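Please treat every number below as a calculation from the coordinates, not as lab data. Treat the numbers as computed from the prediction; the structure is a model and nothing was measured. Heads up, the Cβs are rebuilt from the backbone with ideal geometry, glycines too, and the neighbour counts pull from every protein chain shown.
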Amino acid sequence: MRLMPDELFQSNISDRKVLPYGEFNQAQLVPLARVRVDTGVAQAWRVTLGRVDRSDDAAVGHPGDPGGSFSLYEGQQYQYDFWLLSNPIIPPRRASPIFDATDPANGADIRDAFVEIAWGTGEGARPNRLVAQWPMQGASIVVTGTYVEVWAGQMVGGLGTPPIPPGAFPTFQATIVQESSVATDGGGAELSLIATVVINDREGGEVNAQNHFVVSDTFLGGTLRGSAVQDVAPFAGWDAVVGPRNFSDTPTLTIATLDSVGAPIFRQDDAKIDAAGVITPSPGNTALRLHVPAGTIITFLDIENNLNLSTRVKIVTPSTNPAFQIASAPNSWTQNEVTFAPIPGATLGALLVPALTEGALMYVPDFARRVRVDVTDSPAATGRVPFTGPPKAVLAWYDDRGQVVTSHYQGIVNPGGTIVCTEPVMWHPVPDNAVILGVFSDPLLQPTFTSARFHWRIAP
């Protein structure tokens, strides 16, 4: 169907513009294309977003590439962006990138370029809108209605030192044409929205609180006791809470006090101790031997500081009387073995106190169709998925009342420490009643990864 002259007059079906040069405290919007037709002839429109070029039209890839490069065809009128980095440097950069090769070393403040599209039908409806990252190498999307408008936008908060040259600023181009189909899935008519979010540690909930050792404050059974002045009442028991260094471990701590000659405090990991003070190997456990003849001063704090150096156990809650001196052997128990075991009935993975903040959470973007989440290592490292496989993660979709709509598991499956299979990272359709997607890492692990990368595919 052809556009009528008056419709062409109020439309601008294609344009190419440069982002305004300078520093701004908000994103600068550039209007690119617009179509308005009579309300009775709503139809499908394909919005084609061109690749982003430099305003000086310099080729982004060329033989001057710092890694050496090669192209299938070096054009005289149009430079195709198909080049091979012969020397794959990390991180890779194109020879003449948008915003120039001095960025980001020059400290410039540059955010992702984005496209905003509005479309609708009739006079009484508010236009639909979506925002997505601008496809750097070009893409298209299909919308339906009697009105379509396209803007490009980008935030440049600082030009850096030396400043980014004007010729390196981006040029955006968009075209709107009539379309006979509205197929999007697999048809190349989708846009991307990508964000990397740090996975927060649990706060407000004790992950290892249900798997710790409680030291009794009674004197029965050979409990350590102490006082402000050694061997002078009133006495109090050592009431610190000792927990495993790694949440997935369940070590046993054995302590013996001896009235003999030796180092006042001696600790050995991966060992146990008997009532005679003999230390023997015991993988995963910790032995603590105390020599306290009269006059030897060992405080509760000394014991706690020593246990905090262990690779197996740690102090979860210090004692209430850290300066108390433990009683010398003749006035206390002697050559007794004391074993502090995990709380009876504790279940690994169940919190005593629910966490208040946890995981990585993201709102579902406007017109999102599907998403893929890659859990990666810290942004300060490579930012890539580890070679050990996709880390364990749980994806949970929430409705507007905070209730879980559905959830997925991804990552390695390794019961008993042996990897038996991998639940692959997949594209997931967005549930219609979901408004938030959360990603949660395994609380039983000390993870080396801290980030979740959300890759949304956007299409109306």
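Given H placed 1.01 Å from N in the peptide plane, which residues other than close sequence neighbours of SER282 have an amide H under 5 Å from its amide H?
For SER282, the qualifying residues are ALA271, LYS272.
Would you mind ranking ILE458, ILE110 by Cβ crowding within 10 Å, fewest neighbours first?
Least to most surrounded, the residues fall as ILE110, ILE458.
For VAL405, what is the net charge nearby, where nearby means another residue's Cβ is under 12 Å from its Cβ and Lys, Arg count +1, Asp, Glu -1? Show your work: numbers first, answer last.
Details: positive: ARG401; negative: ASP399, ASP400, ASP432.
Summing Lys/Arg as +1 and Asp/Glu as -1 gives -2.
Find how much the distance from LEU309 to ILE194 grows on full extension, using 0.36 nm per residue of separation minus their present alpha carbon separation; answer in nm with one decimal.
37.2 nm
Fully extended, how many nm does the chain gain between TYR80 and ARG384 (0.36 nm per residue separation, minus their Cα-Cα distance)?
Working it through step by step, the gained length comes to 106.6 nm.
Could you give the dipole magnitude of region 96-149 about its Cα centre, charging the beta-carbon of Lys and Arg +1 and that of Asp and Glu -1, in debye to the nearest 20?
Dipole of region 96-149, to the nearest 20 debye: 240 debye.
Using a cut-off of 21 Å between alpha-carbon atoms, which lysines can reach LYS272, once sequence neighbours fewer than 8 places away in the same chain are excluded?
Cα-Cα hits under 21 Å: LYS314.
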